[in-house]
Amino acid sequence: MIAYNSVNVDIPEIDREKVSAWIHLVAADYGLKVADISYIFCDDEKILEVNRQFLQHDYYTDIITFSYSTEHFISGDLFISLDTVRSNAELVGATYEEELHRVIIHGILHLCGLNDKGPGEREQMEAAENKALKSYKDLSQ
């Protein structure tokens, strides 16, 4: 089950049915099935609080992913700061919707086992995001 929740913000206007189908499709690309996924859309202050409390990081970020995945199933809580998504969209010249979809799938890719902190990992993550974003557009056609 994929749940969409919010803290201090309204849930963004996304096509939940399409996004959920997309998440299942991306997970299947990695040979995985979707168990319980919870998106928590929030503001910068909430994500900073989560970052400090659980990760001992004192900075804002666009997403924090807590994975409960197993060998065959992805599961987790994904906190997304809509404030940072909006700021990042402006920085990279993307629309808010494009950046939101990128962040939504970024968390799923983490649940599928991809990382983005080590040597070469950021490039692999970006390639996986781009492939996933293309598959999202293909769902519309």
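What to note about this one:
- For ILE2, the residues whose modelled amide H falls within less than 5 Å of its own, excluding neighbours fewer than 5 places apart on the same chain, are ILE37.
- Residues with amide H under 5 Å from that of CYS42, placed H, sequence gap 5 or more: VAL7, ILE80, SER81, LEU82
- Scoring 36-45, 117-126 by mean Cβ neighbours within 10 Å over their residues and listing the highest first yields 36-45, 117-126.
- Note, ³J(HN,Hα) from phi for the stretch 87-95, Karplus 6.51, -1.76, 1.60, rounded to Hz, x at Gly and Pro: 4, 5, 4, 5, 5, 9, x, 9, 6
Every number here is computed from the coordinates shown, using simple stated rules; none is lab data. These figures come from a predicted structure and were not determined experimentally. No Cβ is skipped: glycine too gets one built from the backbone with ideal geometry, and neighbour counts run over all protein chains shown.
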